[in-house]
Every structure is written in structure tokens, then in C-alpha cells.
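In what follows, a single structure is set out as C-alpha cells and then discussed.
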2 protein chains.
Amino acid sequence: MKIIPVKGTRDFYPEPMRLRNWIIDAWRRVSLRNGFEEYDSPIFEYLDLFTIKSGDEIVSQLFSFTDRGGRSLAIRPEITPSLARMVNAKIHSLPRPIKWFSVPRVCRAERPQRGRLREFFQWNVDVIGSDSVLADAECIFVAADFLREVGLAADDVTVRIGSRALTTAVLGAAGVPADAFDAVLPVLDKRPKVTEDEFRKLAAQAGLSNEQVAAVERFQDAADLDQAAEAVGALEGTDQDLAVLRDLMATLDAMGAGAYCRLDLRIVRGLAYYTGIVYEIIAAGERAVAGGGRYDNLLEVLGGPKVGGTGFGMGDVVLGLLLKDKGKVPDDVLARRVDFFVVDDGEGTFAKVLEVVGALRRMGLTAEYSYKRQNVGKQLKAANRCQARHVVIVRPGAVAVKDMAAGEQKEMSLEAFLASPGGDG
Amino acid sequence: MKIIPVKGTRDFYPEPMRLRNWIIDAWRRVSLRNGFEEYDSPIFEYLDLFTIKSGDEIVSQLFSFTDRGGRSLAIRPEITPSLARMVNAKIHSLPRPIKWFSVPRVCRAERPQRGRLREFFQWNVDVIGSDSVLADAECIFVAADFLREVGLAADDVTVRIGSRALTTAVLGAAGVPADAFDAVLPVLDKRPKVTEDEFRKLAAQAGLSNEQVAAVERFQDAADLDQAAEAVGALEGTDQDLAVLRDLMATLDAMGAGAYCRLDLRIVRGLAYYTGIVYEIIAAGERAVAGGGRYDNLLEVLGGPKVGGTGFGMGDVVLGLLLKDKGKVPDDVLARRVDFFVVDDGEGTFAKVLEVVGALRRMGLTAEYSYKRQNVGKQLKAANRCQARHVVIVRPGAVAVKDMAAGEQKEMSLEAFLASPGGDG
């Protein structure tokens, strides 16, 4: 009986696995040097954890199930609710700000398409317990630091920064009632992705008048903070929201990440829980690589104190496509690495081959040999198949070490070789 | 509303996360230097994949669910069926032997207890496509190489090696019918874990006569291969099985792992699919850290050709307890690492602090600073809280760099510092 993988999931054979590890290692390295500590949550949680925050409509996107004890559980579709749960449980003993990152595997019961799968890995970077715009800047800096780390330049991909707070202020001033925001914001979020006609149709369906649409568009199309201030006018509290954006940009400039960042007030994000700065990392072709923002009520909604947070998520699927398209994945990342292939010469040296293989591995070098007792030529072919850098031919009383790239071969005693095997290890 | 994690799952706060990463990094490092390539499968598969191999009784140990398309799916309780599925799908293009490892997260709907959780990580190391005993030796060598790598010695933990092939030969010779083996083998597997009385009771329940029990015990209690040969007698095919064990031991000796390995014919393993050599890694207190063996029919059962495999699995839970009990986890593994904490002196140097933080991070060094503009004393306290190794105080025109362990402080220009920040990075 043949069994296939479930559609929308991936089998990671060694080559795609090396790409995945290369991405995740870079996520980890960059997170750590930016002072973030890694955490993780269980792959499944009580279903309630996900519905409380995002409402019942998310249930259709969840893989949920009932265990033998009758508990309603679900595989995590994102890690932010679990993060809030974990922080809430230790809120009084964790020193703040809490700077944490994670690389969870998450699953969503979506229809699979290019760039969107039912199972993927999502880098999450969050600062909890600071209201300072420096915390928002910190997260955006980490994202930019990663883009630079993997060779993506500011003309490949940019962080586009908007303000949920200013957007809702403009909506309010235009007469859109606060209880309509949850329906209107996802429509505004779609604006950069659809035609102007489609947007106006969606806006009308969400109950926006032509005047309201015009007011929002005037604000969203502001090219800089001065134009944004003009569009917003003299609304209560917006001075502070504008100042936050100004500080954010200045901080990112001072830290050396300004080139990657630009104001784009069309960014509002779809999720309900954002309260302040929001941003998306967009690559050529309007592909969103990451998104995030400030959420100041989430911990409270999940039974904790009113402690604010800010952060972003970046999936591995669109990112992986982008890195491949731009030729940013180094060849040696995808190749297998074998330092030594050890060969016996047929003169009774096989026990020595085993000894050499064991010794090299204990030194941390990758060593291979053939399970079949074959002639030297066949063993060399096997060495080539696994792209070994060096071949060691074990003869009675000596070894010959061949550098496969340079084609050079040296003879030496076994002891001399094991004392300093080299191998670029 | 307070939500708790599901019983039997773990929240990985930063400290336990660092322990988990330390273990998994060692698993990866040791696998790679032994010439194994990493793979991974989806976290969920079609339910059939797990029931075909292990029978319907495994369903009660599975977290299974139905997706919106009506498909019966389950979270993987182990990765071996997915491995067999993946290898079968590319069996004609993969060069053999296939040496692969994985570190899957797996979930089992078991009753949680000490050392047994409903979600854990399991290192899997397998060689597929070789009938040679060298492939079995390779896997056992990898396990021993890991034990040594994390500081566990041969008196902490041993690999106990048995033979499913010899065990079933002895059972057959004693008159136990082949179709009773699936019921009898799990009873033999329990023998080292229960009292002699309990074992005899279980054996009787499985249909073994006193004479059959005595024959099995005589074989299982053989102290070496000569005694085992004597207990087995002149049964067909057993010469070869005994020779395989002899070769295995000689190979492990030659590779330098003999000290960790010993014959223990009481080891039979519970799972039905083992066909040859079987082994368990047992720590003091009879705690099983890992188990494995040869399976020569599994790929065929899952719709592939008759290609044999051999390998083992090692979970992170019992291993983690053992490493802690034995004091083998280095202190610095559990501690946070911050190279530099950058402080402003209140004389308008904060923009320079941001610049220094950004520059250090881009160099790969971990740099932190306080989001609050506080006096130098409070910032130094924050530096201590995150265990920073160095503090950099940014003054107009110069920096003071303090080594927190040595207590030494040096003044230099900002340029000189950034040209060579040190930091033991």
C-alpha cells in the first residue's frame, strides 16, 4: 500500500532540510546577538487559547481534535497566544523587558497555494513589558539585521511601517464608528494588494462612504510624516502617535537599519489585536515576507495584567522562495559535506580503516567509508558520490591522503596523519 | 480567563530551552560527523501510515483528527513510518546506503509520568539499503559517540545488544509457534524490568510452558557468545546470526566504541518489526535512554521494495533527567550570554549608544542596552541582571569598557573600540 504525504505539507529530504537549517540557524544567530532568548511552546494547546484571542472564525483554520479525556485541543496556528500564556504565568518573576524569540512549527487548515502551506516554520521575535518605541525599533532592527545577514539588500526587500493608532484616529474623525473597525481594517489591509476599483467595492461593502474612503486614502498616501500630520489634522492624541513614528525612524537610522525602512501608511495588518505601530516586510512583487506590530491588550485578554508587547512573525515559505529567486542561497549550503572518505587497499587493512574512521569522527571530522569490501577504484567512486574532500587510502604501515579538489596526494605514517588530519574542519 | 498548558506537554522557557538546544545541537553535530544527513517529515500524516505498520491498537496512542476534507490524519507518534514512506518514494534515485538522521517532535496520547510525556523530541539515526552488519555497527557507534560527547561514561550508561533472530530461533526450537511470537516477544522484553515471579506469570499467560521458559532463560542468561552458542545448539541459520553478533562486537571494538557495548540477550524490544540485532541503551536504575535494531521488512510493508534498514531512537526526556542527575550539563549552557551592555552617561550620548549597539550586533556580538533613560548606576544594575560580560559606557568623545568578571576598566576612543571590540565573541 502506497501512502503519500498530506497536501500542503513538506517532506524535507536532505537538500531542502539543509536550506531549512540554514534559514533557521540565521534566525537563531541574529536573534541571540540582538539579546533575545529562545523559548518554545507545545505543538498543541487547549482550543480556547486560540479562539479567545481571535474569535470563533479562526476555528475553520485550525486542526482541532478531542483527546481521550474529552479535551478540545488544537495544533498551534501561530505562537503568539502561547507566548502570552507563558508570560502571563510568570509575569511577576520575569525581569522586563522580556526579549524572546522562537522558531515554531505551525499548522493552518488553509487551501495550499504557492507561498502558502498547511505546515510551516515561523520566526517570532517579541518584546513584552516595555511601552517604549525603542522596543518596536528593536524588533524591526532584528528583522533588518537578518535581511542583511542572508544577503538581501534594501532594494530587494523593505520594511514598510504604518500606524494602527493613526489609522483608527482618521477613521474615527471621518465618522466611522469604533465597532466597525474590526470589519474595516481588513479591507484597508487589502488596498495595496487589489485594484483601486476592487478596493472601493470592498470599502462600500464594509459601510464606508465615498468621503470616508477619500479621507482614509489621503492619509494613507502621505509620502512622509509632514504630509501625514497634515492629513490627520488636529485630532486628539495623534501628536503623540506621530512623534512615536518620528522617534522610531530616527532610532532605526541611528542603529544603522534606516536604509531598509520606510513609512507606508497603507500598512494596517489584518489581525484585530494590533494597537500601535504595524509593519510588513515586502519583497519585489508585493510578496509579504513578515509582518508585525504593537499589541498592548493581548496579555490582558488572556487573563494577565495590562502589559504591552510588540513583535513580528516571518515564515520560511515565502522567504525561501525569495532567497532562491535572488540567488542568495550559497551552493555549499545545499551540498553534503564529507571531510574524509577512508579506503582500504585490500591488503588486510580494513580493521585499520574502522580505527581511522572512529578516530576522525571523535575529532569532530566527518568521515565515511564503504560497507562493501571492494577494490580501491570502486571505493574512490563511492567517495566521489558523497563529494568527499579528501580520500585516505590505508596501506600496511602508511596512509596516502588525497585532496580531491587539488588532486594532490601525500604519503605519511598513520600516526602522523591522525596527529593532524587537517580536513579544513 | 486563565489557560494552562495541556498535561504531559512542556513550556520551554529560556533556561530549559537552552538545555534542549544543547542536547539537540549535540545530536546534530555527532550525526553529521558520522556521515548522516538530516531529514524531516510533516508533523501530521494520513492515519493509515501509522496503523499499517503497528496495527490498530496504536490508534489509542495517537492524536488523530479529521480535516475539513474528511481525511483521517494523525500527529506522528514516531518518525520511522514517515522515513520508510519518504525513502520508498525515491528508492530508485537515492544512492545507497542511505544514512539519515532526524530530530522530530513526536506526540503520544499516553498517561504522563516521570520520564514519559505526551510530547517529546526523539533523535532518530538510520541506515537503509545495506544488509551489512557494518550498518548496524555504524548506528551503535553513533550512539556511543554521542554518549562520550556529552560526558557520559561507560559506567554511566551501556549499549546492551541482543538478537531478535536468535531469540525467535530459540523460541521456535522450544516449540513456540511462529504466530505466537508477536504476543511472546513483548513478555520477554519485560523480563529485565519485572521480578522473576511476575515474569513467569506473564510467560504462562502468553502460553509458554515451564520447559519453554527454561530454554529461553538459559539462552538469555548467556554471559558471552560461546555460552549463547551452547544454549542455541545446532539450529539452522543460527551460526550466521552468531557470526553477525561476533562481527558487530569486533567492529565496535575496532572503531573505539567497545567499552560502551556489551552482549545482553535479554534485550528483544517490544515492537513487531525488528528482524535482527536489537539493542537498548540503559542507564543506572535500568532507565532506557534509547532503543533500536534491524528491520528488514518495513519498507516492503509500506508499499516499497524489500530493502532492509537498521537504526535507533533516543528521546530527550529520560536523557535530560540522566544528564542532570549525573551533573553533565555545563553551567554556561543554562546561562544567558550577553557580550556587551551599552550605557549612556546622560550627557547626550544616547544616539551614540544606539549606533554602538547596532554596530556590535552586526559584528555578531550580543549587545544590550536599557530602553529607559536612567542614571549610570541603574543601567549598570540592568547590565548585571542580564549577566553582561562587558559594560561599555559611552561618553562624549570616548568610551569606557569594563570587564565585569575581572573588574578592570579601560578608556579608549569609540573608533578604537569598534575596530576591535573583543568580547570573547
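Contact order normalised by length for chain B, with contacts defined as Cα pairs under 8 Å and 6 or more residues apart; what percent is it? Please list the in-between numbers first.
Values: 697 pairs, mean separation 66.6, N = 425.
With pairs under 8 Å counted, the relative contact order is 16 percent.
Find every distance from the label point of B:Gly285 to the corresponding label point in the other copies (7 Å from Cα along Cα→Cβ) and write them in nm, one decimal, shortest first.
So the distances to the same position in the other copies read 5.4 nm.
Over segment A:351-420, what relative contact order in percent results from Cα pairs under 8 Å that are six or more residues apart?
21 percent
Give the average, rounded to an integer, of partner chain Cβ atoms located within 10 angstrom of each Cβ in B:98-109.
Details: counts 1, 3, 3, 1, 2, 0, 0, 4, 1, 4, 0, 3.
Whole-number average of other-chain Cβ neighbours for B:98-109 is 2.
If you count, for every residue in A:26-39, the Cβ atoms of partner chains within 10 Å of its Cβ, what is the mean?
Working: counts 0, 0, 1, 1, 3, 1, 6, 12, 6, 14, 3, 9, 7, 7.
Counting Cβ atoms of other protein chains within 10 Å of each residue's Cβ and averaging gives 5.
What's the FRET efficiency of B:Arg395 with A:Leu225 using the Cβ-Cβ distance as r and R₀ = 22 Å, to the nearest 0.05?
On the way: r = 32 Å, r/R0 = 1.45.
Given R0 = 22 Å and the Cβ-Cβ separation, E is 0.10.
Please report the antiparallel percentage of the DSSP beta bridges confined to the protein assembly as shown, to the nearest 5.
Details: 104 of 132 bridges.
So the antiparallel bridges in the protein assembly as shown amount to around 80 percent.
Cut-off under 13 Å on the C-alpha distance; same-chain residues fewer than 8 positions from A:Lys306 excluded. Which aspartates and glutamates are left, in chain and number order?
Here the aspartates and glutamates satisfying the reach criterion relative to A:Lys306 are A:Asp131, A:Asp296.
Does segment A:14-331 come out rounded, prolate or oblate by the C-alpha gyration tensor, with a ≥ b ≥ c the root eigenvalues, rounded set by a/c under 1.5 and, if not, prolate when a/b is larger than b/c and oblate if not? Please report the intermediate quantities before stating the final value.
Numbers: a/c = 1.38, a/b = 1.21, b/c = 1.14.
Taking the square roots of the gyration eigenvalues as a ≥ b ≥ c, segment A:14-331 is rounded.
So what are the ³J(HN,Hα) numbers for segment B:366-375, from phi and the Karplus equation (6.51, -1.76, 1.60; θ = phi - 60°), rounded to whole Hz, Gly and Pro as x?
7, 10, 10, 7, 8, 6, 9, 7, 10, 6
Quick one: net charge of A:Gln387's neighbours, Cβ under 9 Å, K/R +1, D/E -1?
Working: positive: A:Arg336, A:Arg337, A:Arg385, A:Arg389; negative: none.
Every neighbour counted, the sum reads +4.
In chain A, which helices (entire DSSP H runs) extend 20 Å or more along their own long axis, judged by Cα positions, while averaging at least 0.0 on the Kyte-Doolittle scale?
Values: long enough: A:14-33 (28 Å, -0.72); A:133-149 (24 Å, 1.02); A:238-255 (26 Å, 0.29).
Helices meeting the criterion: A:133-149, A:238-255.
Non-local amide H neighbours of A:Ser163 (under 5 Å, H modeled in plane, Pro and chain starts lacking H): which ones?
Residues meeting the criterion, in which the H sits 1.01 Å from N, are A:Val278.
Using a Gaussian network for chain A with springs between C-alpha atoms less than 10 Å apart, which of these wobbles most: A:Thr66, A:Thr51, A:Thr349?
Comparing A:Thr66, A:Thr51, A:Thr349 in the GNM, the peak value goes to A:Thr349.
Taking a label point 7 Å out from Cα toward Cβ, give me the nm distances from B:Ser420 to the same spot in the other copies, shortest first, one decimal.
For B:Ser420, the other copies' label points sit at 2.6 nm, shortest first.
Per residue of B:4-15, how many C-beta atoms from partner chains lie within 10 Å of its own C-beta, taken as a mean? Don't skip to the end; give the middle numbers.
Working: counts 5, 10, 9, 3, 2, 6, 3, 9, 7, 10, 10, 2.
Counting Cβ atoms of other protein chains within 10 Å of each residue's Cβ and averaging gives 6.
Along segment B:38-43, what does the Karplus equation 6.51 cos²θ - 1.76 cosθ + 1.60 (θ = phi - 60°) give for ³J(HN,Hα), rounded to whole Hz, x for Gly and Pro?
Karplus-based 3J(HN,Hα) across segment B:38-43 equals 7, 9, 7, 10, x, 6 Hz.
Non-local amide H neighbours of A:Thr9 (under 5 Å, H modeled in plane, Pro and chain starts lacking H): which ones?
Under 5 Å from the amide H of A:Thr9: A:Arg118.
Only bridges with both residues in segment A:336-419 count here: give the DSSP antiparallel percent, nearest 5. Could the numbers behind the result be given before it?
Numbers: 10 of 19 bridges.
Of the beta bridges lying entirely in segment A:336-419, close to 55 percent run antiparallel.
Who wins for biggest fluctuation among B:Ala405, B:Ala383, B:Ala89 in a Gaussian network model of chain B, springs between alpha carbons below 10 Å?
Fluctuation is largest for B:Ala405.
May I ask you to evaluate 6.51 cos²θ - 1.76 cosθ + 1.60, the Karplus curve with θ = phi - 60°, for each residue of segment B:416-422 and list the ³J(HN,Hα) values in order in whole Hz, giving x for glycine and proline?
Each residue's phi maps through the Karplus curve to give 4, 5, 5, 5, 7, x, x Hz.
Per DSSP H run of at least 4 residues, take -39500 (n - 2.57); add these up for the protein assembly as shown, divide by its residues and hand me the 222 nm value, nearest 500 deg cm²/dmol.
Values: 32 runs with 338 residues, N = 850.
Result for the protein assembly as shown, helices only: -12000 deg cm²/dmol.
What shape does segment A:336-419 have by the C-alpha gyration tensor, where a ≥ b ≥ c are the square roots of the eigenvalues, rounded means a/c under 1.5, and otherwise prolate means a/b greater than b/c and oblate the rest?
Values: a/c = 1.22, a/b = 1.07, b/c = 1.13.
In terms of gyration-tensor shape, rounded.
Given H placed on each backbone N at 1.01 Å, which residues far from A:Val289 in sequence or on other chains put an amide H within less than 5 Å of it?
Amide H neighbours of A:Val289: A:Ile281, A:Ile282, A:Ala283.
Ordered shortest first, which distances in nm separate the 7 Å Cα→C-beta label point of B:Thr66 from those of the other copies?
When each copy's label point is compared with this one, the spacings are 1.1 nm.
If you draw the axis that swings chain A onto chain B, which residue of A has its Cβ closest to it, and how far is that in whole Å?
For the rotation taking chain A to chain B, the closest Cβ gives A:Phe65, 2.
Students often check this: by mean Cβ neighbours within 10 Å, which of B:351-364, B:181-194 ranks highest, and how do the rest follow? Provide the component values of the computation, followed by the final result.
On the way: B:351-364: 20.6, B:181-194: 17.8.
In decreasing order of mean packing, B:351-364, B:181-194 become B:351-364, B:181-194.
Once the piece of chain linking B:Arg287 and B:Glu110 is laid out straight, how much longer is it, given 0.36 nm per residue of separation minus the C-alpha distance between them?
Working: separation 177, 0.36 × 177 = 63.72 nm, distance 1.80 nm.
Here the answer is 61.9 nm.
From the square roots a ≥ b ≥ c of the eigenvalues of the alpha-carbon gyration tensor of segment A:106-260, which class results: rounded (a/c under 1.5), prolate (a/b over b/c), or oblate?
Values: a/c = 1.84, a/b = 1.18, b/c = 1.56.
Oblate shape, in that a/c is at least 1.5 and b/c is the bigger or equal ratio.
Every read-out reported here was derived from the displayed coordinates using simple, explicitly stated rules and does not represent laboratory data. Bear in mind that the values here come from a model prediction, so they are computed numbers and not experimental data. No Cβ is skipped: glycine too gets one built from the backbone with ideal geometry, and neighbour counts run over all protein chains shown.
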